[in-house]
Structures are given as C-alpha cells and as structure tokens.
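Inspection log for the structure reproduced underneath, given as structure tokens.
The values are calculated or read from the model by the stated rules, or taken from the named source; none is laboratory data. What you see is a predicted model, and the numbers here were worked out from it, not measured in a lab. Neighbour counts run over all protein chains shown; Cβ positions are idealised from the backbone, glycine included. Side chains included, ligands, DNA and RNA excluded: accessible areas come from the protein's heavy atoms. Shrake-Rupley method; radii C 1.70, N 1.55, O 1.52, S 1.80 Å.
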Amino acid sequence: KDFKSNVEPLLRLCMKAFFGDDISGMTSMLVRHIDPPSIASKTKVQTLYTGPQDSDLVQDMIACESAGAEFMALVAKLIPSSDGERFLAVARIMSGVAKPGDEIRVLGDAYDPDYDDEDQAVSSITEVYLPMSRYKTKLEVAFAGQIVLLEGVDSSINKGATLATVAEDENPS
C-alpha cells in the first residue's frame, strides 16, 4: 500500500524509517555540508575544465553567471524518455542559459581541440525540463547552476558530453 504512494509521502515514510520522527538533523546536515552551485562551481571548474583558467568563460562558470554569458553545460548521463524513443541528457548548466530552440555544440568524450575535433556536432535543444523525482516539469528557460534534462541533444552523445554555445561562424542557419 505504501509503495503506491506519491513520491513525497513515500520519501517521508522512508526517512522516518531510517531517522525517526524528527529528520531536522538530516536536513541541517545537508544544508551545512552540500555547497550551493555558486560556491561548488569553483572546485568543479578547476577540476573538470581543461581550457585556460584565466578566460572570461571560466570566470562566468565560477560565478554561475547566466545573463550575457556563453552557454556551457556538463552532461553527466543519458536517461531514457518515458516513451522510450529517445534519451534525455542530465546536464548541469555551468554558465549561460538553456532554452528550447537554442543551437548548441555537443563535444563528445573523445573531443580534443588540440588533436582531433571530430567528436563534435551541432544540435538543437527541443525541450528543457526540471527533474523532480519520477516527474519532470517543462521549463521555458534554465539558468546557470541548475541540473536539467535536455531533449534533442542525445543523437551524438555516447556517455557524457560538454555542451557549448555555437560560435557565430559555426552556426549552420
């Protein structure tokens, strides 16, 4: 009976089973030990970004800048859509914004601008969703620091990828 509940009551039930009636300690621990994107992004950028660390793009990613910044996102994995016909990319937006209709450059796992830049493609974001447990909410725009589901960019991604703004001279339209 309990397993057929909606997600929130089910999660509350599971948390009570593990932590008792008062889970405020768990909530306090999460708030105290998990940094918000505006703070955690500095470590992520320094660890994951292999380009020059003194560029404007790096400063925008560290600041989780949305307004006027180039779009840059890290795809962690692909998950199947509910209809099973395509995949949704689970991505953390490092800088810029993502909107349906945006043309982006997909840089695959093997992309290396110094040696071989073949593992890249230009795709268009068809939908942007906010993941909410087993549901997803459609968004008009997603901002830096958010973890989102992106539809339409999966065709050239094998495992993970970096998504970036298409340079003006690269735009096919």
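Out of the residues in the stretch 53-72 that are open to solvent by 80 Å² or more (accessible area, probe 1.4 Å) and part of a helix (DSSP H, G or I), which is nearest to residue 143 (Cα to Cα)?
59
So residue 18 fits all but one of (1) assigned to a helix (DSSP H, G or I); (2) under 20 Å from residue 167 (Cβ atoms); (3) hydrophobic (A, V, I, L, M, F, W, C); what number is the exception?
That leaves (2) as the condition not met.
State whether one or more residues within the stretch 127-144 are touching an Asp or Glu at 6+ places or on another chain (Cβ under 6 Å) and at positive phi.
no
Considering only the stretch 29-45, state which residues are modelled with pLDDT of 75 or more, assigned to a helix (DSSP H, G or I) and surrounded by fewer than 12 Cβ atoms within 10 Å (Cβ to Cβ).
29, 32, 33, 39, 43
Among the residues of the stretch 46-88, count how many are closer than 19 Å to residue 154 by Cβ, hydroxyl-bearing (Ser, Thr, Tyr) and in contact (Cβ under 8 Å) with a residue 24 or more places away in the chain.
Looking only at that region, the number is 1.
For the stretch 89-123, what are the residues that are part of a strand (DSSP E or B), touching an Asp or Glu at 6+ places or on another chain (Cβ under 7 Å) and without any contact (Cβ under 8 Å) to a residue 40 or more places away in the chain?
Within the stretch 89-123, no residue meets the criteria.
What do you reckon, is residue 58 of a type in the set (A, V, I, L, M, F, W, C) and touching a Gly at 6+ places or on another chain (Cβ under 9 Å)? Lay out the reasoning, then the answer.
Details: of a type in the set (A, V, I, L, M, F, W, C): yes; touching a Gly at 6+ places or on another chain (Cβ under 9 Å): yes.
Criteria met by residue 58.
Restricting the stretch 124-143 to residues that are part of a strand (DSSP E or B) and among the basic types (Lys, Arg), which is farthest from residue 70 (Cα to Cα)?
Top of the filtered list is 136.
From the set of residues in the stretch 151-166 that are among the charged types (D, E, K, R) and open to solvent by 30 Å² or more (accessible area, probe 1.4 Å), which is farthest from residue 88 (Cα to Cα)?
Here the residue is 159.
Can you find a residue that is among the polar types (S, T, N, Q) and open to solvent by 60 Å² or more (accessible area, probe 1.4 Å) anywhere in the stretch 95-115? Before you say what the answer is, go through the steps one by one.
Within the stretch 95-115, the subset among the polar types (S, T, N, Q) is 95.
With open to solvent by 60 Å² or more (accessible area, probe 1.4 Å) added as a condition, the list becomes none.
No, that holds for no residue.
Is it fair to say residue 22 is at pLDDT 85 or above, surrounded by fewer than 16 Cβ atoms within 10 Å (Cβ to Cβ) and more than 17 Å from the chain's Cα centre (by Cα)?
Criteria not met by residue 22.
Can you tell me which residue is surrounded by the fewest Cβ atoms within 10 Å (Cβ to Cβ) among those in the stretch 73-91 that are small (Gly, Ala, Ser) and at pLDDT 90 or above? Spell out the reasoning first.
Just the residues of the stretch 73-91 that are small (Gly, Ala, Ser), to begin with: 73, 76, 81-82, 84, 89, 91.
Still in the list and also at pLDDT 90 or above: 73, 76, 89, 91.
Details: 73: 28, 76: 14, 89: 25, 91: 27.
Once the filter is applied, the top-ranked residue is 76.
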